[in-house]
Amino acid sequence: MTVDVPVILTVGFLLVLCGLWGVLRHRGNLLRLLPAAQLVFLGSLFNFSMGSALFRDASGLIFALFTACLTGLQTVATLAVFLLYFRKRDNAQEGGR
Amino acid sequence: MYAVEFYVFAVLVLGAAFMSVKTSSVFYAVLFHMQAVVAVAGILAGLNAGFVGFAVLSMSVASMLVFLMFVLVVFNARHARKAVWEKQSKAALFCFAAAAAQTAYLFFKPYKAGERAMTDFSLPVLGDILYTGYGSCVLVFAVLILSCAVGASALLVKKKEGG
């Protein structure tokens, strides 16, 4: 019993679709955007890895590693944006008092 | 890789991803997301790419845990009721137990003769390709990670009064 290519592509596609759905569903909530956007990265990572296994070429796994780095960078950038946002909001509230 | 194993982990990934988007709580969304990452790492381990699976798992789960800590500190910790805390603790415990069970399965599962002999994705092969064929990409990502770390540190430093 082998895993067919359409099954692999379908799983990757559904994973990316879940991420896009999450981004659209929670577009008003910045906190919920991060896990949803990371699902898109996870879907691309899945596709890279399975393609790599399919063609027996390790380059896909290298790009999967780069994608994992990107998820970490995305989290750091998002938390920095949160930090700036709350700092500005606190400053504005203190100035208004 | 066993096809059954792939299908089980694929269903886990898709179910966890769906629930991560569907649930309204950030806490449960992060837990489901971590479950999805663990299942993807399981698929990678089944492909004999355990190193990449571990790298993906450690990077994603660590970043999501930092994010969860941030969310709990900023929003939830002061106002959460005790009953909510107990429920969330049980859910977190269940999630970690599920991840531990999957890891234990991947660690102790029986291998067929010759299955471990596949060296296409072994660490020496990956390292060789990474630092010879994609050296410039490694440099770019190193600069990106370093700049992110420096930027986050600079943001955390408080300005002096009137400075």
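Here are B:M34, B:M59, B:M69, B:M64: which of them is buried (at least 20 other Cβ atoms within 10 Å of the Cβ), in a helix (DSSP H, G or I) and more than 8 Å from chain A (Cβ to nearest Cβ)?
B:M34 is the lone residue from the list that is buried (at least 20 other Cβ atoms within 10 Å of the Cβ), in a helix (DSSP H, G or I) and more than 8 Å from chain A (Cβ to nearest Cβ).
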Taking the stretch A:45-94 on its own, how many of its residues are touching a Gly at 6+ places or on another chain (Cβ under 6 Å), open to solvent by 40 Å² or more (accessible area, probe 1.4 Å) and facing chain B (nearest Cβ under 7 Å)? 0
Pairs needed: first member in the stretch A:21-39, under 20 Å from A:T67 (Cβ atoms) and within 9 Å of chain B (Cβ to nearest Cβ); second member anywhere, outside any helix (DSSP H, G or I) and of a type in the set (A, V, I, L, M, F, W, C); C-beta distance under 8 Å; at least 6 residues apart or different chains. none
Output for the stretch B:37-56, where each listed residue is surrounded by fewer than 24 Cβ atoms within 10 Å (Cβ to Cβ) and not in a helix (DSSP H, G or I): B:L47, B:N48
Looking across the stretch A:1-20 at residues that are more than 10 Å from chain B (Cβ to nearest Cβ) and open to solvent by 80 Å² or more (accessible area, probe 1.4 Å), the single one that is farthest from the chain's Cα centre (by Cα) is A:P6
Among the listed residues B:V37, B:V21, B:V4, B:V71, identify the single one that is of a type outside the set (S, T, Y) and under 12 Å from the mean Cα position of the chain (by Cα). B:V37
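The values are calculated or read from the model by the stated rules, or taken from the named source; none is laboratory data. Predicted model, so just to flag it, every value in this text is computed and none were measured. All Cβ positions, even for glycine, are placed from backbone atoms using ideal geometry, and neighbour counts span all protein chains on display. These area figures cover heavy atoms from the full protein model, side chains too; ligands, DNA and RNA do not enter into them. Shrake-Rupley method; radii C 1.70, N 1.55, O 1.52, S 1.80 Å.
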